[in-house]
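The values are calculated or read from the model by the stated rules, or taken from the named source; none is laboratory data. Since this is a predicted model, take the numbers as computed values, not measurements. Positions of Cβ are backbone-derived with ideal geometry, glycine not excepted, and every protein chain shown enters the neighbour counts.
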């Protein structure tokens with residue numbers, strides 16, 4: 001009887017493994033849309049000035065895209081796939097500097113049976129903003 005139980009257990013294990021229940025296949029995330037910046041408006045300001053609204057013009061902005069000011073994500077308003085805005089605080093322009101401005105399209109979660117797929121987050125090349 002013990003031998004029969006061992007044989008049945010072995011057969012059941014082999015059947016389960018053959019059906020693919022031992023591992024979940026996943027598809028890796030693919031590249032997302034890469035945003036690009038063509039213009040900053042304004043593209044400079046004087047140090048010690050007040051807060052201002054920065055308009056970023058470009059292409060391939062997602063509805064959840066974020067403007068990054070010197071690497072820090074800003075609260076961003078989506079205007080269109082070609083335009084975003086963000087309010088830059090006066091403290092961010094208190095001293096003269098050259099600031100890198102980028103746009104990031106966040107990744108999207110996968111929708112496959114095991115959460116596979118989706119897209120990767122993509123960030124534009126930087127455009128410089130001058131604080132005089």
Next on the checklist: Of the residues 95, 116, only one is within 17 Å of the chain's Cα centre (by Cα) and either assigned to a loop (DSSP other than H, G, I, E, B) or modelled with pLDDT of 95 or more (or both); which?
Outcome noted: 116
Next on the checklist: Going through 16, 26 one at a time, which residue ends up being surrounded by 10 or more Cβ atoms within 10 Å (Cβ to Cβ), under 29 Å from the mean Cα position of the chain (by Cα) and modelled with pLDDT under 70?
Outcome noted: 26
Next on the checklist: Take the conditions at pLDDT 75 or above, over 31 Å from the mean Cα position of the chain (by Cα) and either in a loop (DSSP other than H, G, I, E, B) or surrounded by 11 or more Cβ atoms within 10 Å (Cβ to Cβ) (or both) and apply them to residue 48. Does it pass?
Outcome noted: yes
Item to check | Tally of residues being free of Cβ contacts under 8 Å to residues at least 40 places away in the same chain, loosely packed, with under 13 Cβ neighbours inside 10 Å and touching a strand residue (DSSP E or B) at 6+ places or on another chain (Cβ under 8 Å) across the stretch 83-127 | outcome: 1
